[in-house]
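Visitor: Take a look at the following structure, please.
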């Protein structure tokens, strides 16, 4: 039996199949329930308890007012940069000419 690997995209399974498979060949697909190393991806209640116990042992991070202000300024700057980079404008597609969305060029984003 041949094992094939694929991905689900737009609610369809996509994969490359051997050239000798005829169009319309029937296949049976099962989701992978184990990780590549043969272990289950599910987390046991014991592992959850160990993880929570380890997290409880961590000390809280204490920052000075200056450190907190610098951290918050950096966070806001990163959010602004992320928002800027995710903003899109409509432009014609190079292949078909239809309108597509693309990132705003930096020169336009600053205006």
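The values are calculated or read from the model by the stated rules, or taken from the named source; none is laboratory data. Values in this document were obtained by computation on a predicted structure and should not be read as measured data. Cβ sites come from the backbone with ideal geometry, for glycine too, and all protein chains shown count toward neighbours.
Visitor: On the given criteria, is residue 85 exposed (fewer than 10 other Cβ atoms within 10 Å of the Cβ) and either modelled with pLDDT of 60 or more or touching a strand residue (DSSP E or B) at 6+ places or on another chain (Cβ under 9 Å) (or both)?
Guide: No, not satisfied.
Visitor: Condition check: out of contact with any strand residue (DSSP E or B) (no Cβ under 6 Å at 6 or more places or on another chain), surrounded by 10 or more Cβ atoms within 10 Å (Cβ to Cβ) and at pLDDT 85 or above. Does residue 58 satisfy that?
Guide: Against the criterion (out of contact with any strand residue (DSSP E or B) (no Cβ under 6 Å at 6 or more places or on another chain), surrounded by 10 or more Cβ atoms within 10 Å (Cβ to Cβ) and at pLDDT 85 or above), residue 58 does not qualify.
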